[in-house]
Amino acid sequence: MSTQSRPSSAKSNYLLAYNFVSAALWLTVLGRVVLISKDNGGPVKAAETGKVYQGLESFTRLVQTGALLEVVHSLVGIVRAPIFTTLTQVASRILLTWGVGYNFPQTTANSPAYSSMLLAWSVTEVVRYSYFVFVLGGVGVPGVLSWMRYNTFFLLYPIGISSECWLIYKAIAPASEWNPLFGYAFWGVLATYVPGAYMLYTYMMSQRRRVMRGKGKAKQ
């Protein structure tokens with residue numbers, strides 16, 4: 001999760017453009033999941049028939065790959081996001097898109113967990129990137145967007161994390177057929193989800209408390 005102040009000039013314009021484009025790309029993912037589900041008998045049926053995977057796997061993989069820039073942003077100090085938190089989140093999604101979804105369609109393509117994962121990711125990212133567009137644009141963040149930024153994670157994180165864990169778990173068997181070490185690696189990744197989820201939750205909770213305190217002082 002990025003924590004961005006309002007830098008000036010070229011850096012500000014770059015971050016504004018980056019967040020705007022990212023919000024648009026993830027809104028495209030969200031819209032396509034909704035439309036594919038609507039046109040194919042609902043989200044569960046659309047997932048079980050592989051329509052969501054067929055329509056979005058390559059696009060989502062490329063969009064998520066672009067998020068590697070966030071690691072660079074944090075590393076070089078363009079944003080004040082903790083590098084370890086940023087790296088952990090981006091790495092887990094790269095694993096899901098490239099290591100699981102791309103390599104093991106036999107366990108991913110027809111799984112409702114793939115659709116629920118994309119929904120959790122896309123809503124989270126549309127809210128997050130849109131929030132920073134308003135912050136960097138200096139026009140003030142709409143109250144509903146601010147509320148969503150610091151409250152929807154209570155629901156979306158469990159959906160996303162459980163979906164990711166299920167997809168990784170289902171990929172263990174075919175990964176082990178490739179090489180037993182791949183299967184062990186996936187088990188190891190699953191073991192990191194407990195501390196990783198705790199780290200992400202505590203980070204968002206600290207951000208939420210900071211924002212809520214700021215709003216409280218502003219009202220005084």
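From the list 113, 67, 173, 81, the one residue that fits, being in contact with a Gly (Cβ under 8 Å, 6 or more places away or on another chain), in contact (Cβ under 8 Å) with a residue 12 or more places away in the chain and not aromatic (Phe, Trp, Tyr), is 173.
Residue 209 - would you say it is basic (Lys, Arg), open to solvent by less than 30 Å² (accessible area, probe 1.4 Å) and part of a helix (DSSP H, G or I)? No. Taking the criterion of being of a type in the set (A, V, I, L, M) and open to solvent by 20 Å² or more (accessible area, probe 1.4 Å), the residues of the stretch 132-176 that qualify are 133, 135, 139, 141, 144, 145, 148, 155, 156, 159, 161, 173.
The values are calculated or read from the model by the stated rules, or taken from the named source; none is laboratory data. Note that the structure is predicted; figures quoted are calculated from it, not measured. Note: ideal-geometry Cβ built from the backbone for every residue, glycine included; neighbour counts use all protein chains shown. Each accessible area value is taken on the protein alone, full model and side chains, heavy atoms only, with ligands, DNA and RNA left out. Shrake-Rupley method; radii C 1.70, N 1.55, O 1.52, S 1.80 Å.
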